[in-house]
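First comes the structure, then the notes that go with it.
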Amino acid sequence: MKEKLIDMFQLQEELNRKINDNWKQIRSKEDFARAAWIECAELVDSLPWKWWKKQQPDMENVQIEVVDIWHFVMSYILLDYEDIGKAVESEPVSLFIRGLNEDFRELNIKGEYINHYLGETDRYKKIIFLAERVAEGFLKQDLNEGVFFFGLLVRNTISFEHLYLLYTGKNILNHIRQEKGYNSGEYKKVINGMEDNRYLFELVKSVKNKKDLEEKIRKTFETIHS
């Protein structure tokens, strides 16, 4: 797990530098906190929470949104660390891992939140509750609370191994977006009526390891953008 965490944090650092080489000087924790809680809202909107209309859960998009949140969680943490290894060994990452493992020992987190999580039997309500706790943590800029509940959110929506592969794929897609004019508005996210995230999700399902991922993603997106 540690090697994959280091890899993801390194990829995130490289992407942030590609967007702006001085990203740590111009971006703030407020920026990444806001981005994280907005992605949480988008995740919730993929689940049937609207009591006044019929909704179908979209678990594939939930997983995509979890990966998007992870981008901003890592960026928030990286603001405090020049060394990737130290970032991965930090207390916030330790709490993320504890969330993944449902380790509730000696937590400085409201007991009623843990009790609610443990007592909720409806899968979608549980995921919504966790997304709201992640959002709450980042709205308060309580990083430790936010990342612990994010670990629980990952546990209940996507395996760590799949998070790693889907994050890696999304990182490659984000590089392609930057290369094709995402910042200037030239890049089109919707291709032939389908968002690029959906193309990515299908590609990741067909690939077994990181080695084959970039080649397949780049080849596919060159074809569909031509």
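The values are calculated or read from the model by the stated rules, or taken from the named source; none is laboratory data. Fair warning: this is a prediction, and the values are worked out from it, not measured in the lab. Glycine also receives a Cβ, built like all others from the backbone with ideal geometry; neighbour counts cover every protein chain displayed.
Of all the criteria given as (1) crowded, with 22+ Cβ neighbours inside 10 Å; (2) under 21 Å from Phe9 (Cβ atoms), the one not satisfied by Leu43 is (2). Summed over region 13-27, residues that are outside any helix (DSSP H, G or I) and touching a residue at least 12 places away in the same chain (Cβ under 8 Å) total 1. Just one residue in the set Tyr124, Tyr117, Tyr81, Tyr113 is touching a residue at least 60 places away in the same chain (Cβ under 8 Å), aromatic (Phe, Trp, Tyr) and on the phi < 0 side of the Ramachandran plot; that residue is Tyr124.
Do we have any residue at all in region 50-59 that's crowded, with 16+ Cβ neighbours inside 10 Å and assigned by TED's automatic domain parsing to the domain that holds Val147?
No, there is no match, as no residue in region 50-59 is crowded, with 16+ Cβ neighbours inside 10 Å and assigned by TED's automatic domain parsing to the domain that holds Val147.
Reported count of residues in region 171-197, each being assigned to a helix (DSSP H, G or I) and modelled with pLDDT of 75 or more, is 10.
Before we move on, is Gly146 in the same structural domain as Lys211 (by TED's automatic domain parsing), touching a residue at least 40 places away in the same chain (Cβ under 8 Å) and surrounded by 22 or more Cβ atoms within 10 Å (Cβ to Cβ)? No: the conditions fail for Gly146.
The single condition among (1) of a type in the set (Gly, Ala, Ser); (2) over 17 Å from Thr168 (Cα atoms); (3) touching a Lys or Arg at 6+ places or on another chain (Cβ under 8 Å) that Ser94 does not satisfy is (3).
Suppose the filter is at pLDDT below 75 and hydroxyl-bearing (Ser, Thr, Tyr); does Thr168 pass it?
no
The set of residues from region 121-134 being touching a Leu at 6+ places or on another chain (Cβ under 9 Å) and either among the aliphatic types (A, V, I, L, M) or in a loop (DSSP other than H, G, I, E, B) (or both) comprises Ile127, Ile128, Leu130, Ala131, Val134.
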